[in-house]
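Novice: Starting off with a structure, shown below.
Please treat every number below as a calculation from the coordinates, not as lab data. Given the structure is predicted, the values throughout are model-derived calculations rather than measurements. In this analysis, Cβ positions are derived from the backbone assuming ideal geometry, glycine residues included, and neighbour counts consider all displayed protein chains.
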């Protein structure tokens, strides 16, 4: 249905024209091909096709005259050779630069880019690396404005013995510093810096918004700020996820966007929230199912207290917990070009179905495009050990293609590309272009704290269903997240090399201090994980359900009161995001989290300060468990550090993950969305006045 809807979009929007600004002839347009849209602009500006061709012939005649001159030809040769030498020098220097900690930006001089709509093997056009970076980040201005911020974050690792690349710390086996000690120290410094820089006044918040995004905040920003102050909302500058999601839509005229919203509001399995004159109304296009009603009600609950300050707008949500929109890389580059050039996408442009598979959502320079989806299995070698530094960077499937095989939401799928859809989803991967909403599901604001000393169970706990994907004989489910953890923990043969806790290193290097543990002793010592009930989401006829029931551990359920007495709990993605995290982190236990799904709070939390990040292949899990809980004899445990992070996570949950914090996020998100839909976007910019000022404590 999605594809047929987006195909119809081209015909629906073909006749629209700009209502936000008049077409304009840009400097340099005489050197560009005359597309139908450009021809219309040129003609409206009083420069029709005849004069264009005349000017082109004149310029060609002048250039040919120059080239016939031998002196000019010689000078041109000198220039070309000089430019080539400079290019080689810059490319060599760029290859020696450190890899970007946060965004994994390409620092080369350029990449080869398949032309829009071209199939594999067709002609390519060269796209500057800057454009690739802008398209990948989804927000040109935010990336540019935060360059110094990223440098400050990287400074925490300057001089450290373990280096950082693509969001991961690469273990130096010759170092005498335990890598987790470095991770914790650097993470605390980065978090303290981020907290210290947060705006205290409305004026500061406006200035920071303009610094990051290079435009004025949306109308109603003062009302949002008043809500932040009145409800003690923390981290008021950290809303980059909204910018990443919203910015591509500035490449659409507001009329085009409204027509797309109108078109897709009739899509199956969606509901639409409409705010008109401060009043909320809804429409629904889904079956009468309890979970769908609950999701609609939860979204209304988030916005009901602030709707009076939100300008008129419509927001379409998918009822499912998985995303819908996947634009290919060529279209993402086209969007970035339009944004940079202050232009709009053509109304009739339709790119739905132009490509198939996850790789086409990535830049040609990415590992996924270069190496494909093949996965050889986890690398347990000591020299290959690494840990997550930036969880958001580690979610980049383009640079970590193994994530496709390791997670059910991606494994075995060959999705078709879509147009840029005005759809909100409560979860998504970094590949998807849906607008990320806020899911309040399973929120619990009243979690009693069991003191650390009374958390007597030192196993890593997990219980749940075997969700994650649909399981069948023809599907690659055995490497996906939940069954893989169950299988790994149940192994009783073989060994695993584990970095010894710091107290056991005794001036040895990391490599020298590695302990080889028998899985027959390590797994029962560290893990208490298992499925509950019976296998679900699986094919009975081909024997898959029976195989899961037979091959993986199924255990009794553990209620929340019992779970709170475990020191260590792991949180894993299911079919989409895990709705458990808020309840778990509020328990005061040390939470280990494995995910590829960014959430509304991802920019507002710090791995290694509030929780322990775990790679999708779990090759870092034994090392982290040994660090915090000791070896198989219980020796060397960093119990105080585990307690500190557990309690910091609980404090973060009570101050950063409240209903008020979720409302503040959707409030600001809807202000941005309302501006994008407005007939005159410029009139929806916020104008600061000192009389509006409020100050945070």
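Novice: Computed FRET efficiency, Cβ-Cβ of residue 536 and residue 163, R0 35 Å: what is it to the nearest 0.05?
Specialist: According to the calculation, E is roughly 0.25.
Novice: Also, quick follow-up: Can you put 592, 554 in order of Cβ neighbours within 10 angstrom, beginning with the fewest?
Specialist: 554, 592
Novice: Order these by the 10 Å Cβ neighbour count, fewest first: 168, 694.
Specialist: 694, 168
Novice: Can you pull the semi-axes for the stretch 452-657, root of five times each eigenvalue of the Cα gyration tensor, sorted largest first, whole Å? It would help to have the intermediate numbers written out before the result.
Specialist: On the way: eigenvalues 155, 99, 47 Å².
Values for the stretch 452-657, descending: 28, 22, 15 Å.
Novice: Ranked by Cβ crowding within 10 angstrom, fewest neighbours first, how are 418, 474, 467 ordered?
Specialist: 474, 467, 418
Novice: Taking 60 Å as R0, compute the FRET efficiency from the Cβ-Cβ separation of residue 211 and residue 504 and round it to 0.05.
Specialist: Between residue 211 and residue 504 the formula returns 0.80.
Novice: Moving on. Given the peptides 280-286, 510-516, arrange them by the average over their residues of other C-beta atoms within 10 Å, most packed first.
Specialist: Taking the mean over residues of other Cβ atoms within 10 Å, the ranking is 510-516, 280-286.
Novice: Per residue, how big is the convex hull around the C-alpha atoms of the stretch 448-572? Give it to me in cubic angstrom, could you?
Specialist: Details: hull volume 16.8 nm³, N = 125.
Output value, Cα hull per residue: 135 Å³.
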